[in-house]
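The block underneath contains the structure these notes are about, expressed in structure tokens.
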Protein chains: 2
Amino acid sequence: MNPDTVPARKQNKRREKEVAILQAAEKVFAEEGFGGATMQLIADAAQLPKANVHYYFSTKEELYRQVVSNIFDVWLQAAGSFEESDGPAEGIGAYIDAKMEISRTRPAGSKVWASEVMHGAPIIQDYLETTLVEWTNSRIQAIDAWIAAGLMDPISPRHLLYMIWATTQHYADFGHQIQTLNRNTPLSESEWNAAKESVKKIILKGIGVSP
Amino acid sequence: MNPDTVPARKQNKRREKEVAILQAAEKVFAEEGFGGATMQLIADAAQLPKANVHYYFSTKEELYRQVVSNIFDVWLQAAGSFEESDGPAEGIGAYIDAKMEISRTRPAGSKVWASEVMHGAPIIQDYLETTLVEWTNSRIQAIDAWIAAGLMDPISPRHLLYMIWATTQHYADFGHQIQTLNRNTPLSESEWNAAKESVKKIILKGIGVSP
DNA sequence: TCTTTTTCTGACCATATGGTCAAGACTATG
DNA sequence: CATAGTCTTGACCATATGGTCAGAAAAAGA
């Protein structure tokens, strides 16, 4: 038997447990905020004794840091769908789709991210200043190129990005409000699609891109 | 002398002190979240002993409730600028202006509101279900009337409203991120104006309204 | 099977926090 | 000036929370 097999399996098992805790933590942090979340609540959500959670993540900050870090990875993944090789209709359309999909499937993550930024990004400030700044600048260049090529109106790329972020994340962060305004019912599959199409339609037309 | 004068003056003094505490609380709640905010932090921000804060607001919840309630009033005030008597260019344009102005002048309030909604609106759920639902439905009717009159494209009024809320509030709630992307500098007067114009331009064009 | 390493957990501790209280200070009024 | 009502505040308390730890249990390895 390969001597690496057993250790690998063990590593996997450890990783699985960490992931379970991280999922529980993401949910609790989203619902209660960092200050309101307690290790006991997280442990209960993960169906583990509190001390066991501390075995995998020594401190609350450490756990929170990893939750936020995971969200950032998801964010980066969606960022990849913004391909500058295609035109603005495909690039921006796909990006909006991807971000709306994240809001639908990972609302808790989006809320944790929003909370972190709202409180001054104490944990991920370095990511903001490096990765986010670079990504944003590179996308601004891409949009400017589209503008120069006459593929869209000469709007401010920066504020366009803010609008996309704001609108797409709103469906996660303010999901409770949206549900209240939707006869206290979660958005159905078709309502989600309508939301997606509305957002894309208004923004794309707003920047002078025809589908 | 009017017998009401002295009591009134006293009432004013009490009110002034309450307002000072409410302002301090709004700031602290915005920065720390409900769970992270402590009565001591709020007392320090208001430059009062903690026990004195408790004299005016018996519990943390009570204080928070009033802070959130104040924000809702500000929100309603901005909502008034959405006049259906004018056309969409004026009505929606003025509404965006008003909301952007709130984001600029009361960012802490906006953050508290966002935080409250993100955590399921435990305090102001009744406002959402009554006032907000009514206001939203009435605006949807107004927009539908504009659409019927051929003054704008047949978009979903509901999702248009969400987009306006999301985008305008983003400049307050994610102000830290925006500042980081703005060479770590707060938006200047002219940058705020550029933001306003960008938002109005894209949204109004996006719904087929010419200025 | 015996030993070693990793995982698990109840009990415990130090600290921070929301809230109380009683006594003092201040203010208006008769 | 005396009295009554309002405001102020340091000291205090009960509780909740993040985190520790010793030892049990389980798994891996020899």
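The values are calculated or read from the model by the stated rules, or taken from the named source; none is laboratory data. Treat the numbers as computed from the prediction; the structure is a model and nothing was measured. Positions of Cβ are generated from backbone atoms using ideal geometry, with glycine treated the same way; all protein chains shown enter the neighbour counts. Remember, those area values only see protein heavy atoms, side chains included, never the ligands or the DNA or RNA. Shrake-Rupley method; radii C 1.70, N 1.55, O 1.52, S 1.80 Å.
Just checking the output field for A:126-132: average partner chain Cβ neighbours within 10 Å of each residue's Cβ? Working shown, then result.
Working: counts 0, 1, 6, 3, 0, 0, 3.
For peptide A:126-132, the averaged partner shielding equals 2.
For chain B, what does the convex hull of the Cα positions come to per residue, in cubic angstrom? Don't skip to the end; give the middle numbers.
Details: hull volume 36.2 nm³, N = 211.
So the per-residue hull volume is 172 Å³.
Under a point-charge model restricted to the Cβ atoms of Lys and Arg (+1) and Asp and Glu (-1), what is the dipole moment magnitude of region A:68-206 relative to its Cα centre, in debye to the nearest 20?
Here region A:68-206 has a charge dipole of around 520 debye.
Let me know the Kirkwood hydrodynamic radius for region B:158-211, please, with Cα pairs as the basis and the value in Å to one decimal.
12.1
Is it possible to state the helix-based mean residue ellipticity at 222 nm for chain B, with each DSSP H run of 4+ residues giving -39500 (n - 2.57), the sum divided by total residues, to the nearest 500 deg cm²/dmol? What is it?
Helices in chain B give a 222 nm mean residue ellipticity of -24000 deg cm²/dmol.
List, largest first, the extents of the alpha carbons of region B:119-207 along their principal axes, each in whole Å.
Answer, in whole Å and largest first: 44, 39, 17 Å.
For the charge dipole of the protein assembly as shown, defined by +1 on Lys and Arg C-beta atoms and -1 on Asp and Glu C-beta atoms about the Cα centroid, which residue among A:ALA194, B:VAL117, B:HIS54 has the Cα displaced farthest towards the positive pole?
Ranked along the dipole, the leading option is B:HIS54.
Distances from B:ILE140 to the same residue in each other copy, label points 7 Å out along Cα→Cβ, in nm, shortest first?
3.8
Give the relative contact order (percent, whole number) for chain B; include only Cα pairs under 8 Å separated by 6+ residues.
Once divided by the residue count of chain B, the mean separation gives 21 percent.
Accessible area per residue, 1.4 Å probe, Å², for region A:54-128: what's the number? Write down the numbers at each step before the final one.
Values: 2940 Å² over 75 residues.
Here the residues of region A:54-128 average 39 Å² of exposed surface.
So what are the ³J(HN,Hα) numbers for region B:128-137, from phi and the Karplus equation (6.51, -1.76, 1.60; θ = phi - 60°), rounded to whole Hz, Gly and Pro as x?
Karplus-based 3J(HN,Hα) across region B:128-137 equals 4, 6, 9, 4, 5, 4, 4, 4, 4, 4 Hz.
Work out, in µm²/s and without decimals, the Stokes-Einstein translational diffusion coefficient of region A:13-62 at 4 °C, 1.567 mPa s, Rh from Kirkwood over C-alpha pairs.
Value of D from the Cα-based Kirkwood radius: 123 µm²/s.
If the only charges are +1 at each Lys and Arg Cβ and -1 at each Asp and Glu Cβ, what is the size of the charge dipole of region B:35-136 around the Cα centre, to the nearest 20 debye? Don't skip to the answer; put the middle values down first.
Values: 7 positive and 14 negative charges, 138 e Å.
Around 660 debye, computed over region B:35-136.
Report which residues of region A:192-211 become buried by 30 Å² or more of accessible surface when going from the isolated chain to the complete set of protein chains (1.4 Å probe; DNA, RNA and ligands ignored).
Buried by 30 Å² or more upon assembly, which counts only protein chains, are A:SER198, A:LYS201, A:ILE202, A:LYS205, A:GLY206.
Helix A:60-79 sits at what angle to the longest principal axis of chain A, using alpha carbons and giving 0 to 90 degrees rounded to 10?
So the helix axis and the longest Cα principal axis differ by about 30 degrees.
Report, largest value first, the span of the C-alpha coordinates of region B:85-168 along each principal axis, in whole Å.
Between the extreme Cα coordinates on each principal axis of region B:85-168 lie 40, 27, 19 Å.
How many Å² of accessible surface get buried when A and B come together, counting both sides, probe radius 1.4 Å, rounded to the nearest 100?
So the total buried area for this chain pair works out to about 4600 Å².
As a test question: what accessible area, to the nearest 10 Å², does B:ASP86 have when a 1.4 Å probe is rolled over all protein chains in place?
80
Using protein chains only and a probe of 1.4 angstrom, how many square angstrom of A:THR59 are accessible, to the nearest 10?
60
Stick to the Cα atoms of the protein assembly as shown, pair each with every other, and give me the Kirkwood hydrodynamic radius in Å at one decimal.
Evaluated on the protein assembly as shown, it is 23.2 Å.
Please give, to one decimal in nm, the separation of the simple spin-label points placed at B:GLN47 and B:THR105, each 7 Å out from Cα toward the Cβ.
2.4
Give the accessible area for B:LEU41 in Å² (nearest 10); use a 1.4 Å probe, count only protein heavy atoms, and leave out ligands, DNA and RNA.
Near enough 70 Å² of accessible area.
Might you report the magnitude of the Cβ-based charge dipole of the protein assembly as shown about its Cα centre, with Lys and Arg at +1 and Asp and Glu at -1, to the nearest 20 debye?
Dipole magnitude for the protein assembly as shown comes out near 840 debye.
Enter the Cα centre distance for the pair region A:33-100 and region B:13-87, rounded to the nearest angstrom.
Result: 30 Å between the Cα centres.
Given B:LYS60/B:LYS196; A:LYS111/B:LYS201; B:LYS27/B:LYS50, which pairs have Cα atoms separated by over 25 Å?
Pairs exceeding the cut-off: B:LYS60/B:LYS196; A:LYS111/B:LYS201.
In vacuum, with every alpha carbon of region A:16-118 counted as one equal point scatterer, what does the Debye formula give for log10 I(q)/I(0) at q = 0.22 Å⁻¹? Two decimals, please.
With one equal scatterer per Cα and no solvent, log10 I(q)/I(0) is -1.06.
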